[in-house]
1. Answer yes or no as to whether Thr21 is crowded, with 19+ Cβ neighbours inside 10 Å and hydroxyl-bearing (Ser, Thr, Tyr).
2. Only one of (1) under 23 Å from Glu239 (Cα atoms); (2) modelled with pLDDT of 90 or more; (3) of a type outside the set (Phe, Trp, Tyr) is not met by Ala164, so which one is it?
3. So Phe57 clears everything in (1) farther than 28 Å from His205 by Cβ; (2) in a helix (DSSP H, G or I); (3) not aliphatic (A, V, I, L, M) except one condition, right? Which one?
4. Can you work out which of the residues in segment 241-265 that are under 27 Å from Leu171 (Cβ atoms) and in contact with a Lys or Arg (Cβ under 7 Å, 6 or more places away or on another chain) is modelled with the highest pLDDT?
5. Search segment 228-255 for residues that are touching a residue at least 12 places away in the same chain (Cβ under 8 Å) and assigned by TED's automatic domain parsing to the domain that holds Gly26 and pair each with any residue that is of a type in the set (Phe, Trp, Tyr) and not in a helix (DSSP H, G or I) when their beta-carbon atoms are under 7 Å apart and the residues are at least 6 apart or on different chains.
6. Pick from Glu87, Glu73: which is in contact (Cβ under 8 Å) with a residue 60 or more places away in the chain, closer than 30 Å to Val156 by Cβ and of a type in the set (Asp, Glu)?
7. Could you give me the residue pairs with C-beta distances under 8 Å whose first residue belongs to segment 167-190 and is touching a residue at least 40 places away in the same chain (Cβ under 8 Å) and charged (D, E, K, R), whose second residue is in a loop (DSSP other than H, G, I, E, B) and surrounded by 16 or more Cβ atoms within 10 Å (Cβ to Cβ) wherever it lies, and which are 6+ apart or on separate chains?
8. Taking the stated definitions as given, is Ile225 outside the structural domain of Glu239 (by TED's automatic domain parsing) and modelled with pLDDT of 90 or more?
Amino acid sequence: MPRPDHHNEIELNMLHTGSVTYMLGGDKVCVEAGHLTAFWAAIPHQIIDYAKNTEYFVATIPLSWFIQCKLPERLTIPLMRGEVATEQLENRSSVDLSLFAQWQRDLRSGNTEAKEIVMLEMEARLRRLALGLPTPSPKKTRHSKLSLQQGGLNKVEQMACIVAQRYADPLSVAEISEEVGLHPNYAMNLFKKVFGTTLIDYLTHHRVSHAQRLLATTDQKIVEIAFSSGFNSISRFNEAFRRACGCTPRAYRAEHDFTDPKQSA
């Protein structure tokens, strides 16, 4: 990809051969052949490397449909937080490759019934993917009265989407809560109960991730990156970046090979 992409869907990757390395947010993620991988594509992602002779399938699922399936939270929560879910079970690659090929044929056929079957099979495959993922710690869920499968889901989903799509704008909690028709205090409490993090921290995470990607893949000046990532001052940017990454933006850039360190001033 010559530039990062983002779309409000869950993306599934299934490699037949080779490997693909993404810059997903601010992290490098290597997707290897033989393991189904899923991530929330609203997080800016860019292919920065791939092995020779790489062949793979890509499937995208609307976020609204994904949420409505009420999948296990050990899958939904990490994805909505910007993490990557990878199949842990072995010896599934041949089955998955056949399944993706069948989905491709069915969707191209234009047959409505075949499309409905594909959606059912996708849901079943995601449930199987969730089986191999770790169960959330009881300490993190014990006090949560709300989940992705309970009341208020649509409001929280809307807030997450607003952040994912507009984090680079001068966005505030008041604006986000007003757009979804909630009082700011209630919106913040609701969001934290579902995601386990504050709305402000979630917004900052997106901004820092965007800055990490630009530091690693461009030669833009750091001050330009700060403002294009949604921060309104270089001091706030430096403070948030150091808190999230444990180093300065300049030090982060120096550790990556995708740009010339001399251009980081």
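1. no
2. With (1) under 23 Å from Glu239 (Cα atoms); (2) modelled with pLDDT of 90 or more; (3) of a type outside the set (Phe, Trp, Tyr) applied to Ala164, the lone miss is (2).
3. If we test Phe57 against (1) farther than 28 Å from His205 by Cβ; (2) in a helix (DSSP H, G or I); (3) not aliphatic (A, V, I, L, M), just (2) comes out false.
4. The extreme case among them is Thr248.
5. none
6. Working: Glu87 fails: in contact (Cβ under 8 Å) with a residue 60 or more places away in the chain.
Only one candidate qualifies: Glu73.
7. Asp169/Gly230
8. Working: outside the structural domain of Glu239 (by TED's automatic domain parsing): no; modelled with pLDDT of 90 or more: yes.
In short, no.
The values are calculated or read from the model by the stated rules, or taken from the named source; none is laboratory data. This structure is a prediction, so every number in the text was calculated from the model and none was measured. Here the Cβ is made from the backbone with ideal geometry for all residues, glycine too, and neighbour counts use every protein chain on show.
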